[in-house]
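Q: A single structure is presented below for examination.
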Amino acid sequence: MSIDTETARRVAKLARIKVEDDALPALAQEFNDILGFIEQLNEVDVEGIEPMTSVTPMRLKRRKDGVTDGNQQDKILANAPDAREGFFAVPKVVE
Amino acid sequence: MSDLNKLKLAEARDALRKGDVTSVELTEACLSAIEGADALGAYVHKTPEIAIDMAKAADARIKAGDAPDLCGLPLGIKDLFCTKGVASQAASRILEGFKPEYESTVTTQLFDAGAVMLGKLNMDEFAMGSSNETSVYGNAVNPWKVDDRQLTPGGSSGGSASAVAADLCLAATGTDTGGSIRQPAAFTGITGIKPTYGRCSRWGIVAFASSLDQAGPMTKDVRDAAIMLEAMCGHDPKDSTSADLAVPNFEAMLTGDIKGKTIGIPKEYHMDGMPAEIEKLWADGTEMLKAAGAKIVDISLPHTKYALPTYYVIAPAEASSNLARYDGVRYGRRAQIGKGDGITEMYEKTRAEGFGHEVQRRVMVGTYVLSAGFYDAYYNRARKVRTLIKKDFEDVFAQGVDAILTPATPSAAFGLGEMQNADPVQMYLNDVFTVTVNLAGLPGISVPTGLGSTGLPLGLQLIGRPWEEGDLLNTAYALEQAAGFVAKPEKWW
């Protein structure tokens, strides 16, 4: 599997990371180096093997579906780059 | 008492109990050592006022009697741990200015036990790296030096390793996703243990790869690791993967008696091109355990060679998901946006400016292996191979193996900048002996056992059965006793 500049552009877009056009070929090459390394996994016979979901088998604990926390709006907004009137502020989303 | 910063946890604990020293004195000794050690780049946020306040409180508690082991002992905290009101940046630009409103469970437990926080320690950005060279704060430097070069302390817990080795604290917290406690411990001649996945709560620790991340102590010896690990462990309802199991008194399990234990030597860990000094270190360590009465058996872990490629699918996949939260909206740094830019441009610019190169690369590799059409070919295949890697270990444990001995790293510490032009895979090879342990969720400990040909410390790794950290620490203790490693770096900073 070889990654071209277009695929690199698409991946950057999916990851929401701005990559300038002139940086795309080098990025594609890095992806190819890493994926080339990962391709080794194709040698392994995984027929009938379950994909791992939990490394230490344990039953997840259950708890009552109730409110256990809350009423700390100021703390939640304290680290926001732009908070106004009790909300997170962002650039215009809908035209 | 002089050089109080050079004490081990156990020594300082006992001296505090006897009234020979106060926590304020211990803390001041560390703070003054830190002041003179900026060249090491270990501390990235110093908290001397907090430290002195905590030390005073600890002294009062000790005076009143009934104080826990860690009471009054000054520690460094990796920047990956969220500490209330104190900058917690994961060494990333994207978390510039972030001061959590909450405290991680592990640091809560340490501070409830009376431990003193000296400051936050350098690391690779988001714990992604093996040399501490991806940090927004700049490099942490290894206190060990044998020529003109500055050496890496390893990574990602490079600042923790450097601080412990240079006596800038009595011990430090680390985290380990693929070797980030054990590799830097080996590079700096200290001890580091990654417990079984689920032993320590991950709550409040900035997430990298959630199915692999574990916190653990980085200390001056095995006894200290036992003392500090016990305080860090335990069930936490806020982390659904934390184990609801009793935490034993690990220190009480250090008898040094390993007669009749079976130690496995995995043949797949004899890597092509491994330096002779590493082979010798490993053979010497094997002899030491044998002389202490352990039975040595050759074992096979057939899927070892697939561990790194598996890791470099799973860890980036989980990272791409975990790091999606850094969007410049709720916390951290937001990029300046241009006129007419919408929210998507804001996300893209924020993440391009806020994440360093290695983090961007891993997030994008993770995005790719999880994307439509490749999910099965990469991510699901890697999860299947991970099942096989874990089964390799289960099989040898079922054959009666109590612990596995391997080298901790494929080399001694290398020079900062030396790997700059290597392809990323070369850097990833640093974790070749440690990453299997994270994939299988097992406990692993790195113990310094000798100096290499150039005079740099080298470590061996012991891998234990799940949840049997006590037994693992005891085997490590026996190895430590036999190796008698006491070398310290000569002060140049």
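Q: Residues of the range B:97-143 that become at least 40 Å² less accessible with every protein chain present than in their own chain isolated, using 1.4 Å: which are they?
A: With the partner chains in place, the range B:97-143 has these residues losing at least 40 Å²: B:GLU101.
Q: Tell me which of B:ALA90, B:ALA51, B:PRO184 sits at the most positive position along the dipole axis of chain B, charges placed on C-beta atoms (Lys, Arg +1; Asp, Glu -1).
A: B:ALA90
Q: Which entries in the list B:LYS267/B:LYS290; B:LYS46/B:LYS99; B:LYS46/B:LYS78; B:LYS8/B:LYS259 go over 20 Å, if you measure between the two C-alpha atoms of each?
A: Details: B:LYS267/B:LYS290 17 Å; B:LYS46/B:LYS99 14 Å; B:LYS46/B:LYS78 12 Å; B:LYS8/B:LYS259 28 Å.
The pairs that break the limit, which is 20 Å between Cα atoms, are B:LYS8/B:LYS259.
Q: So, in Å, what gap is there between the alpha-carbon centers of the range B:52-90 and the range B:164-222?
A: Distance between centres, Cα-based: 18 Å.
Q: For chain B, what does -39500 (n - 2.57) per DSSP helix run (n ≥ 4), summed and divided by total residues, give at 222 nm, in deg cm²/dmol to the nearest 500? If you can, show how the numbers build up before the last one.
A: Working: 15 runs with 174 residues, N = 493.
Helix-only estimate at 222 nm: -11000 deg cm²/dmol.
Q: Put +1 on the Cβ of every Lys and Arg and -1 on every Asp and Glu Cβ in chain B; which of B:ILE404, B:GLY65, B:GLY256 then has its Cα farthest towards the positive end of the dipole?
A: Looking along the dipole axis, the top candidate is B:ILE404.
Q: For each pair in B:LYS6/B:LYS120; B:LYS145/B:LYS305; B:LYS63/B:LYS491, compute the distance between the two Cα atoms and list the pairs where it is over 25 Å. Don't skip to the end; give the middle numbers.
A: Working: B:LYS6/B:LYS120 19 Å; B:LYS145/B:LYS305 32 Å; B:LYS63/B:LYS491 35 Å.
Beyond 25 Å between Cα atoms: B:LYS145/B:LYS305; B:LYS63/B:LYS491.
Q: Also: Within chain B, what whole-number % of the accessible surface is contributed by carbon and sulfur, with the 1.4 Å probe and all protein chains included in the calculation? Write down the numbers at each step before the final one.
A: On the way: 7940 of 16100 Å².
Carbon plus sulfur share of accessible area: 49 percent.
Q: On full extension of the chain, what length is gained from B:ARG149 through B:ILE343, given 0.36 nm per residue of separation minus the C-alpha to C-alpha distance?
A: Values: separation 194, 0.36 × 194 = 69.84 nm, distance 4.57 nm.
Stretched fully, the B:ARG149-B:ILE343 segment lengthens by 65.3 nm.
Q: Given a 10 angstrom Cα cut-off, can you work out which residue in A:ILE76, A:ILE17, A:ILE34 is the most mobile in a GNM of chain A?
A: A:ILE76
Q: Next question, about the same structure. Calculate the length of the line joining the C-alpha centroid of the range B:127-146 to that of the range B:224-266, in whole Å.
A: Comparing the Cα centres of the range B:127-146 and the range B:224-266, I get a distance of 29 Å.
Q: Right, next: If I take R0 = 35 Å and measure r between the Cβ atoms of A:MET58 and B:LYS290 in this structure, what FRET efficiency does the formula 1/(1 + (r/R0)^6) give, to the nearest 0.05? Each step should come with its number before you reach the end.
A: Working: r = 36 Å, r/R0 = 1.02.
So, using R0 = 35 Å, E works out to roughly 0.45.
Q: Tally the DSSP beta bridges in chain B and give the antiparallel ones as a percent, rounded to 5.
A: In chain B, DSSP labels about 65 percent of beta bridges as antiparallel.
Q: Follow-up question, since we're still on this one. For the pair A:LYS13/A:GLU43, report the inter-label distance in nm, with labels modelled 7 Å from Cα in the Cβ direction.
A: 3.7 nm
Q: Across the range B:47-61, in residue order, what do the Karplus-derived ³J(HN,Hα) couplings come to in whole Hz, using 6.51 cos²θ - 1.76 cosθ + 1.60 with θ = phi - 60° and x for Gly and Pro?
A: With coefficients 6.51, -1.76 and 1.60, one gets 10, x, 5, 4, 4, 5, 4, 5, 5, 4, 4, 5, 4, 5, 5 Hz.
Q: Let me ask something else about it. Computed over the Cα atoms of chain B, what is the convex hull's projected area averaged over all directions, in nm²?
A: For chain B, the mean projected area of the Cα convex hull comes to 22.7 nm².
Q: How well do other chains shield peptide B:376-388, expressed as the mean number of their Cβ atoms within 10 Å of each residue Cβ? The partial results should precede the final answer.
A: Values: counts 1, 5, 5, 1, 2, 7, 6, 6, 10, 9, 4, 7, 5.
Counting other chains' Cβ atoms within 10 Å and averaging over B:376-388 gives 5.
Q: Please report the net charge: other residues with Cβ closer than 15 Å to the Cβ of B:ILE445, K and R +1, D and E -1. Intermediate results must be reported in sequence, preceding the final value.
A: Values: positive: B:ARG182, B:LYS194, B:ARG199, B:LYS220, B:ARG223, B:LYS261, B:ARG465; negative: B:ASP176, B:ASP221, B:ASP224, B:GLU230, B:GLU251, B:ASP402, B:GLU468, B:GLU469, B:ASP471, B:GLU480.
That sum, taken over residues with Cβ under 15 Å, equals -3.
Q: Could you give the length gained by full extension between B:ASP395 and B:ALA487, i.e. 0.36 nm per residue of separation minus their alpha carbon distance, to one decimal place?
A: On the way: separation 92, 0.36 × 92 = 33.12 nm, distance 3.75 nm.
Between B:ASP395 and B:ALA487, full extension yields 29.4 nm more.
Q: Rolling a 1.4 angstrom probe over the protein heavy atoms, how many square angstrom per residue are accessible across the protein assembly as shown?
A: Numbers: 23020 Å² over 588 residues.
Solvent-accessible surface per residue comes out at 39 Å².
Q: Looking at the range B:447-493, which GluC sites (Glu not before Pro) are in a loop (DSSP not H, G, I, E or B) and have at most 16 other Cβ atoms within 10 Å? The partial results should precede the final answer.
A: Values: sites: B:GLU468, B:GLU469, B:GLU480, B:GLU490; in loops: B:GLU468, B:GLU490.
Sites meeting the loop and neighbour criteria: B:GLU490.
Q: Can I ask one more? Roughly to the nearest percent, how much of the accessible area of the range A:10-95 is carbon and sulfur, given a 1.4 Å probe?
A: That share works out to 49 percent.
Q: Follow-up question, since we're still on this one. Calculate how many DSSP beta bridges within the protein assembly as shown are antiparallel, expressed in % of all such bridges and rounded to the nearest 5. Intermediate results must be reported in sequence, preceding the final value.
A: Numbers: 31 of 45 bridges.
For the protein assembly as shown, the DSSP antiparallel bridge percentage is about 70.
Q: Per residue of B:355-362, how many C-beta atoms from partner chains lie within 10 Å of its own C-beta, taken as a mean? Intermediate results must be reported in sequence, preceding the final value.
A: Working: counts 2, 0, 2, 0, 1, 6, 5, 1.
Per residue, the number of nearby Cβ atoms from other chains is 2 on average.
Q: Okay, moving on. Based on the Cβ-Cβ distance from B:ILE52 to A:ASP65, what FRET efficiency comes out when R0 is 51 Å, to the nearest 0.05?
A: On the way: r = 44 Å, r/R0 = 0.87.
Computed FRET efficiency for B:ILE52 and A:ASP65 comes out at 0.70.
Q: Hey, another quick one. Do any trypsin sites (Lys or Arg not before Pro) in the range A:1-55 lie in a DSSP loop with no more than 10 other beta carbon atoms within 10 Å, and if so, which? Let's see the in-between values first.
A: Working: sites: A:ARG9, A:ARG10, A:LYS13, A:ARG16, A:LYS18; in loops: A:ARG16, A:LYS18.
Here no trypsin sites (Lys or Arg not before Pro) fit, given the DSSP loop and packing criteria.
Q: Another one. Determine by what factor the alpha-carbon radius of gyration of the protein assembly as shown differs from 2.2 N^0.38 Å, reporting the quotient. Write down the numbers at each step before the final one.
A: Working: Rg = 23.2 Å, N = 588, 2.2 N^0.38 = 24.8 Å.
So the protein assembly as shown has a normalised radius of gyration of 0.94.
Q: Using the beta-carbon distance between B:GLU353 and B:LEU245 and R0 = 56 Å, what value does 1/(1 + (r/R0)^6) give for FRET efficiency, to the nearest 0.05?
A: Values: r = 43 Å, r/R0 = 0.77.
For R0 = 56 Å, the calculated efficiency reads 0.85.
Q: Rounded to the nearest 100 Å², what is the sum over both chains of accessible area buried where A meets B, with a probe of 1.4 Å? Working shown, then result.
A: Details: alone 9640 and 18560 Å², together 23020 Å².
Heavy-atom accessible area buried at this interface is about 5200 Å².
The values are calculated or read from the model by the stated rules, or taken from the named source; none is laboratory data. Predicted model, so just to flag it, every value in this text is computed and none were measured. We place every Cβ from the backbone using ideal geometry, glycine too, and count neighbours over all the protein chains shown. All accessible areas refer to the heavy atoms of the entire protein, side chains included, with ligands and DNA or RNA removed. Shrake-Rupley method; radii C 1.70, N 1.55, O 1.52, S 1.80 Å.
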